[in-house]
Each structure stands twice: as structure tokens, then as C-alpha cells.
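Participant: Here's a structure for you.
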Amino acid sequence: MAFPDLVLDPEAQYHAAARGVPDNGNNTIGLPFRKEIIDPDRLVVDVFSKGSSVTNAELISVDPDNQEMVVNFTQSGNDEALVEAKIRYSNSN
């Protein structure tokens, strides 16, 4: 089962999230941001495990069109994860 695409927070145009059960390995996750505002150096991705079977999540890449990202998960069961993405206003924030 594919991890769901992130959904933009209606209260914050630079914050998006999704919760789902990741596959073990690379998961392609859609980004809802306008592609012109995404700078991979300003994209912050946080992953929160909702159970002990999800570990070692890591952002691997953002596609050239800024519409998807690849996150690698170690998944040994059926637990969920919460993935949040935020765009920082500057590199110093």
C-alpha cells in the first residue's frame, strides 16, 4: 500500500502532513506545495513513528519538479507514521 500524499494545512500554506502505513524501503510521497516555492535546502521533513515497527526514516530525494519526495522507512510490522513537511522562510531559520 502506498503512503498517502501530504495534504496542505489550511491554516498554514508552508506546512503539510499525512499519516499512513509506510512500506519497508523507499516510499514516494506527493508534495502539495506550489513547485516554485520549494527549495530542497529549505524543505524540512519530520517523521514521527506511531509504533515500534517504524524506524530509521530518512528523506532520500525531492524530484526535479518539486511535486514528490522519496522517504526511506524501515518497517517491520504494520505501524503508522506521521510525515510532516515544512518550508522554512530562509536558510537561517
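The values are calculated or read from the model by the stated rules, or taken from the named source; none is laboratory data. Keep in mind the model is a prediction, meaning the values are calculated, not measured. No Cβ is skipped: glycine too gets one built from the backbone with ideal geometry, and neighbour counts run over all protein chains shown.
Participant: Check whether at least one residue in segment 48-55 is in contact with an Asp or Glu (Cβ under 9 Å, 6 or more places away or on another chain) and closer than 10 Å to VAL83 by Cα, and report yes or no.
Facilitator: Yes, some residue in segment 48-55 is in contact with an Asp or Glu (Cβ under 9 Å, 6 or more places away or on another chain) and closer than 10 Å to VAL83 by Cα.
Participant: Inside segment 79-93, can you point out the residues that are surrounded by fewer than 15 Cβ atoms within 10 Å (Cβ to Cβ) and modelled with pLDDT under 95?
Facilitator: ARG88, TYR89, SER90, ASN91, SER92, ASN93
Participant: If you take the residues of segment 27-38 that are surrounded by 13 or more Cβ atoms within 10 Å (Cβ to Cβ) and not β-branched (Val, Ile, Thr), which of them is modelled with the lowest pLDDT?
Facilitator: Selected residue: PHE33.
Participant: Kindly list the number of the only condition in (1) assigned to a strand (DSSP E or B); (2) touching a residue at least 40 places away in the same chain (Cβ under 8 Å); (3) of a type outside the set (Gly, Ala, Ser) that fails for GLU58.
Facilitator: Only one criterion is unmet by GLU58, namely (2).
Participant: Quick one: which residue in PHE48, PHE33, PHE3 is not aliphatic (A, V, I, L, M) and not in a loop (DSSP other than H, G, I, E, B)?
Facilitator: PHE48
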